[in-house]
Each structure stands twice: as C-alpha cells, then as structure tokens.
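Worksheet: the structure to be examined is printed underneath.
The values are calculated or read from the model by the stated rules, or taken from the named source; none is laboratory data. Just so you know, these numbers come straight off a predicted model, no measurement behind them. Heads up, the Cβs are rebuilt from the backbone with ideal geometry, glycines too, and the neighbour counts pull from every protein chain shown. Ligands, DNA and RNA are stripped out before the accessible areas are found, and what is left, the full protein with its side chains, is counted by its heavy atoms. Shrake-Rupley method; radii C 1.70, N 1.55, O 1.52, S 1.80 Å.
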Amino acid sequence: MTTPVAIDFKELELDPIAAAEGQIVVFLKGEGGLDQAGRRVNRHMKGALARFAESDSFEKMKQGDVKSFAFPTGLAADAVLVVKLDRNAKIDVARKAGAALGKLHNDTPMLVLAGPSPRAAEISYGLALRAYDFDPHKTGDKDGRGVVTFMVSKPEEVAAKAAPMAAVAEGVFFTRDLVNEPANVLTTSDFAARLAAMQELGLDVEILEEAELEELGMRTLLCVGQGSESPSKVVVMKWNGGGDEKPFALVGKGVVFDTGGISLKPAGGMEDMTMDMGGAGVVSGVMRTLALRKAKANVVGIVGLVENMPDGKATRPGDVVKSMKGDTIEIINTDAEGRLVLADCLWYAQERFEPTGVINLATLTGAIIIGLGHDNAGVFSNDDTLCGNFLKAAGNEGEGAWRMPMGASYDKQLKSRIADMKNVGTRAAGSITAAQFLQRFVKDDMPWIHLDIAGTASVKAETDLAPAGATGWGVMALDRLIRDTYEAETE
C-alpha cells in the first residue's frame, strides 16, 4: 500500500529554526499578526516576513492560501511557506490549507510551526491526504517523502486528536491504491488477497469462490464474469466492535475491468475502466479505517469481484438469468453489469446478516456524470432518516453528494416481455432506472441507500484533497456516518 507521509508532533521549540533544512511553514492571521514562532523566523529573515504581512500581496491572499519564499536569507531552509490562516479557521479551510502544503511537500523535511493552533490536527490531515502519490509502476530513482514535523504547544493532545484522522487517511489511501491499480495487476484474485491480508488488523475476512456462489444461486453475479479467465469472487469483511448488535452493511461493486462484454464499449477511454471496482474499493477502505481506529460498531462489508470480458462463454444480450432472490432478468445490455453484481450481493447481505441498514456503492452509470458532473455522487434512498444522516456526514466531511428522485413511474422502463424484468431501460433517467432496478433486491423494511459514484471515484483534474486519479471519495463520509450514528448508539 502507498505509505502515507510520515507526520510527527513535537513540543514547540524555537532554537532549531535557523538550522532547519527543507521547508519551514509559518502561519499568519488575517490581520498579518506574527506569533512567537513567526517573530523568530522574521528576525532570521531580517524583517522580510513582517514586511510581507503588511503588504498588498498578503492582503489579497485568501484563507488557506500559501506563499513560498525560496532560499530565505538567514535560514538554512530551502523555502519558507507562509500560510494565511486564522487561529479559529473553519475545519474545511484548515484541511485545505494543509492540502496546499501537502501539494508543495517534497523529499526534504518540513517543519510546521503550528504552535497553539487548535486546527493543527486538521492541517496535518489535509496535508497527508494531498501528499498522496501513486507511483509503484514508475521506474528509476524515486525521491522519498521527507518527514513532516509539527511543532505544537501540546503535542500529546494534538497527536491524540489526529490519530483517528490518520486511520481515515489510511483507508482513503487504500481505496485510492485499489482504484489506481491497472487491471493486469489488480485481478479478482489479487484484490481478494489484499482484503484477506486485513485479517492482521482484526477484520474477519471470508472469500466465497465460484462453486459456493453457484450453490448460493448468485447467477446474476456469475453471469457477468463468465467470459473472463479471472474467477468471480465475493469477499465478506466483518468488523465486530459493537457487542451483540446486528451489523450495518456496506456493499460494493468490484468490476476490476469492464469492457462492456458482448455489448463492447468504444475503444476511446476504455483504459479508464480499471476504476470500475471503485465501489468495492470504498467499502474496503472504510473497513480498513474501522479496524485501524477500533470502531465501536458492527459493520459488514461485502464486495462482488468480477471481470466483464467478451468471450465465447460470455453472457449475451437476450439471455435470461435467475438471481439469488429468485427473480429472472432479461439481459438487454451486458454493459449494464454492475447492477447484476449488486443485486445478488445486496440479497446475500440481507439474508445472511439481517443488517440494520445497507448502503451500496458503485461506479454504475455514465448518466450520473451527465447529471451531476464530478463534484457530487448520486444518492438514492428509500429511507429519509438514513439518507439525511448520510448527507449530513458527507457535508461535514466535504464530500459532495446529492439526493436524486425515485418512483414507481420509472419501473415501466424495466418491464420485460419474457422475464420478470430487464436489466436496463432507455437512455432517459438512466441513473434512476438503475436505482429502481437495485431497489427490487432490497427488502421492504430495509433502510437502504444506493450511491452512484461514477463521477467522483476517479477524476482527470486534481481536487482540494487529492491529485488527479482516484479520490477515495466516500471513505470519509461513511466513516463519519458510522461514527456519528451507529457508534453513538452503543455509547
């Protein structure tokens, strides 16, 4: 797994500033005031920092912006990074300020003079998230990341506050690694092996192979992968930190590569389909986070791992398959495969674990990108309370999410002449009809959310907290939901 940047918290000392190598970070409040550390840096810089704090350039900076002074006079450092940040800045602003530092962090040490800042932990969190870099397949010499040392007034308190954030960051990194991996590396077997290795963290991990899936009747899942040399699998991860309570369930679509099957996708952009296992990646990252921070909740994560390939054995348009639930499905388009994987996994999760609620995630439809772009995931739900709790958690973590409509009127698009339903409707409201399809595999009294993350799982341009590529969207929001809702119930 990509190693997060090493962050340490130490007691604020001013003597080492002049000799510090690499990058020194100084915080200035909106009115340009210098704290004790800032005054010391200013003396070494012969008053240059104070002059900048009184300049129009500083006045024009926004909260969280960073200005770099290369090779400052009087200091051994390569650069002094000046951050405009009020002492009681909002949490999201503090994280973005940290992310700006993470973007500038290099292979030299970084000394962050945070002093008494109450936002030091949030700054370190944003720094770690943005410093991520996926480079295992690049050859040649690789510069390692220098250690980041936060000089704070109360290092033990800040470290304790930062610890659960570090667990979330590691879950985000795990998800990003999975989504970024090429399909010739992240096969279904490799994916399952990475999840099995998390047993070392205290997770109970079970891998269901094709023979077991056939016996369970998971034929809609199996039909997606039957044209691939990679065996289809279902991986069950259990975290039992909440006593005897029934678990909450997370279900993820794990299509490690999606050609579209017989309904072959166009060649342009098909290389991006390595990210079609994004839903399973998020579930895996959340489960890792829960284990790392010893969450006081019972959560089960279930991911269906398949590869959708064209082959002489592949499912054809016009085939009819029977789900684990017992409903029959006419396959109209083999590129609408994710819902077939989720249908069986959703039913299995409910039948085996009788969860208190279930959330499934999938890079399911291009239609959701047309509707919401890359800033928000689509949220579909049958339960206002669960949906409201999730949207609040996503908002608090700064992860964009927007509730979409559902309704019986959309079901007519799924009517089949020869089976109980079709797997796809028309182009109109494509993301909604996909959600309507999934809802047929959710029991009437089961609180449920479907998250369509096709637009947020991986992006072409960098975001505030992530470089271009996999974002890890959803790990932060789902961990927050579990922490605020389900762990709170056990206290």
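Table for the structure above
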item: Only one of Ile24, Ile91 that is under 30 Å from Asp177 (Cα atoms) and open to solvent by 60 Å² or more (accessible area, probe 1.4 Å); result: Ile91
item: Inter-residue pairs, beta-carbon under 6 Å, first of a type in the set (Val, Ile, Thr) and in the range 28-42, second assigned to a helix (DSSP H, G or I), 6+ apart; result: Val41/Leu49
item: Qualifying position, being farther than 17 Å from Ser189 by Cα, touching a residue at least 24 places away in the same chain (Cβ under 8 Å), of a type in the set (A, V, I, L, M) and open to solvent by 30 Å² or more (accessible area, probe 1.4 Å), among Leu250, Leu292; result: Leu292
item: Enumeration of residues in the range 405-428 that are outside any helix (DSSP H, G or I) and open to solvent by less than 40 Å² (accessible area, probe 1.4 Å); result: Gly407, Ser416, Ala419, Met421, Asn423, Val424, Gly425
item: Residue that is surrounded by the most Cβ atoms within 10 Å (Cβ to Cβ), among those in the range 117-133 that are closer than 15 Å to Ser153 by Cβ and touching a residue at least 60 places away in the same chain (Cβ under 8 Å); result: Ser124
item: Evaluation of Met1 against (1) modelled with pLDDT of 90 or more; (2) open to solvent by 50 Å² or more (accessible area, probe 1.4 Å); (3) aliphatic (A, V, I, L, M) (one fails), failing number; result: (1)
item: Enumeration of residues in the range 331-376 that are open to solvent by 30 Å² or more (accessible area, probe 1.4 Å) and of a type in the set (D, E, K, R); result: Asp335, Glu351, Arg352, Glu354, Asp375
item: Some residue of the range 189-208 being among the acidic types (Asp, Glu) and within 26 Å of Lys325 (Cα to Cα); result: yes
item: Cross-chain or 6+ apart pairs with Cβ under 9 Å, the range 188-211 first and in contact (Cβ under 8 Å) with a residue 24 or more places away in the chain, then open to solvent by 50 Å² or more (accessible area, probe 1.4 Å) and among the polar types (S, T, N, Q); result: Gly202/Asn240; Asp204/Asn240; Val205/Gln199
item: The range 198-212, subset assigned to a helix (DSSP H, G or I) and open to solvent by 50 Å² or more (accessible area, probe 1.4 Å), residue nearest to Lys238 (Cα to Cα); result: Gln199
item: Members of the range 454-465 that are open to solvent by less than 10 Å² (accessible area, probe 1.4 Å) and over 10 Å from the mean Cα position of the chain (by Cα); result: Gly455
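The rows are residues; the columns are (1) part of a helix (DSSP H, G or I); (2) open to solvent by less than 70 Å² (accessible area, probe 1.4 Å); (3) on the phi > 0 side of the Ramachandran plot.
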residue: Arg51; (1), (2), (3): yes, no, no
residue: Ser57; (1), (2), (3): yes, no, no
residue: Leu81; (1), (2), (3): no, yes, no
residue: Ala100; (1), (2), (3): yes, yes, no
residue: Ala114; (1), (2), (3): no, yes, no
residue: Phe150; (1), (2), (3): no, yes, no
